[in-house]
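Each remark here refers to the structure printed beneath this line.
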Amino acid sequence: MAGSSLFTAVLDANVLYPTLTRDLLLSLGQAGLFHARWTNTITEEWVRNLEKNRPDLRGKLGPLVVQMQAAIPDCLIEGYEPLIAAFNMPDPDDAHVVAAAVVGHADAIVTDNLRDFPAELLKPLGISVQTPDEFIANQLQLRELHALTAVKTMRARWKNPALTAEALIDLLKVRGLSLTADLLYDAKGLI
């Protein structure tokens with residue numbers, strides 16, 4: 001398939017692992033602010049790590065994975081495997097993410113693991129690397145009202161426990177999304 005008309009970002013396993021970050025990124029993607037993409041290998045990695053750290057979730061994440069794929073049309077990148085060997089990454093286990101980004105026509109890789117995705121290796125491919133905080137903050141600044149609506153919709157889904165706007169902002173800050181939290185603080189009446 002050809003590239004999306006939207007800015008396209010491959011979401012690394014480490015940004016899909018934490019519930020709040022995953023929900024916020026997918027909420028922005030579902031709202032059409034960007035095209036969120038990943039692979040089955042990325043899914044297997046974050047699910048495996050979450051089940052390892054939270055044995056109570058073992059075998060229970062399948063429905064969540066199905067919901068994620070249903071929420072984001074054309075999210076799964078396939079056919080990238082032959083390209084993996086072409087990328088000499090600092091951590092060879094991350095080459096599959098770059099291969100997927102190339103095949104998936106990605107503009108960016110969103111990851112908390114910047115050191116393993118050096119800009120000098122990705123720039124010639126036209127791919128940037130951003131932390132989830134930088135990426136989400138960019139979405140908030142580029143299309144503020146659209147992004148704030150997506151955040152408000154996400155917050156409304158959180159019922160157990162329900163979160164006030166202030167509580168959500170505090171939680172984002174605690175989770176390391178301080179740029180995002182600062183931007184949302186200024187607009188907390190809208191979320």
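The values are calculated or read from the model by the stated rules, or taken from the named source; none is laboratory data. From a predicted model like this one, the values you see are computed outputs, not experimental measurements. Using ideal geometry, Cβ is built from the backbone for each residue, glycine included, and neighbour counts are taken over all protein chains shown.
Counting residues in the range 115-127 that are outside any helix (DSSP H, G or I) and within 14 Å of LEU24 (Cα to Cα) gives zero.
From the set of residues in the range 135-166 that are touching a Lys or Arg at 6+ places or on another chain (Cβ under 9 Å) and assigned to a helix (DSSP H, G or I), which is nearest to GLY189 (Cα to Cα)?
Of the range 135-166, the ones touching a Lys or Arg at 6+ places or on another chain (Cβ under 9 Å) are 162-166.
In the following step, the residues that additionally are assigned to a helix (DSSP H, G or I) were identified as 165-166.
Numbers: ALA165: 8, GLU166: 9 Å.
Checked the range 135-166; the qualifying residue nearest to GLY189 (Cα to Cα) is ALA165.
ALA99 satisfies every condition listed in (1) more than 30 Å from ARG155 (Cα to Cα); (2) in a loop (DSSP other than H, G, I, E, B) except (2).
Is it fair to say LYS173 is outside the structural domain of LEU83 (by TED's automatic domain parsing) and assigned to a helix (DSSP H, G or I)? First the steps, then the outcome.
Details: outside the structural domain of LEU83 (by TED's automatic domain parsing): yes; assigned to a helix (DSSP H, G or I): yes.
The answer is yes for LYS173.
Among the residues of the range 6-21, those that are part of a helix (DSSP H, G or I) and touching a strand residue (DSSP E or B) at 6+ places or on another chain (Cβ under 7 Å) comprise VAL15, LEU16. Please verify whether THR180 is touching a residue at least 60 places away in the same chain (Cβ under 8 Å), crowded, with 19+ Cβ neighbours inside 10 Å and either more than 19 Å from PHE7 (Cα to Cα) or not small (Gly, Ala, Ser) (or both), treating the condition exactly as stated. Yes; evaluated as a whole, the condition is true for this residue.
Condition check: in a loop (DSSP other than H, G, I, E, B), touching a residue at least 24 places away in the same chain (Cβ under 8 Å) and within 16 Å of the chain's Cα centre (by Cα). Does ASP112 satisfy that? It would help to see each step written out before you state the result.
Values: in a loop (DSSP other than H, G, I, E, B): yes; touching a residue at least 24 places away in the same chain (Cβ under 8 Å): yes; within 16 Å of the chain's Cα centre (by Cα): yes.
In short, yes.
All conditions but one from (1) surrounded by 20 or more Cβ atoms within 10 Å (Cβ to Cβ); (2) under 14 Å from the mean Cα position of the chain (by Cα) apply to VAL98; the one that does not is (2). Taken over the range 88-99, the criterion of being modelled with pLDDT under 95 and hydrophobic (A, V, I, L, M, F, W, C) is satisfied by MET89 alone. May I ask you to list the residues in the range 67-81 that are farther than 15 Å from ARG22 by Cα, touching a helix residue (DSSP H, G or I) at 6+ places or on another chain (Cβ under 7 Å) and part of a loop (DSSP other than H, G, I, E, B)? Within the range 67-81, ILE77, GLY79, TYR80 qualify.
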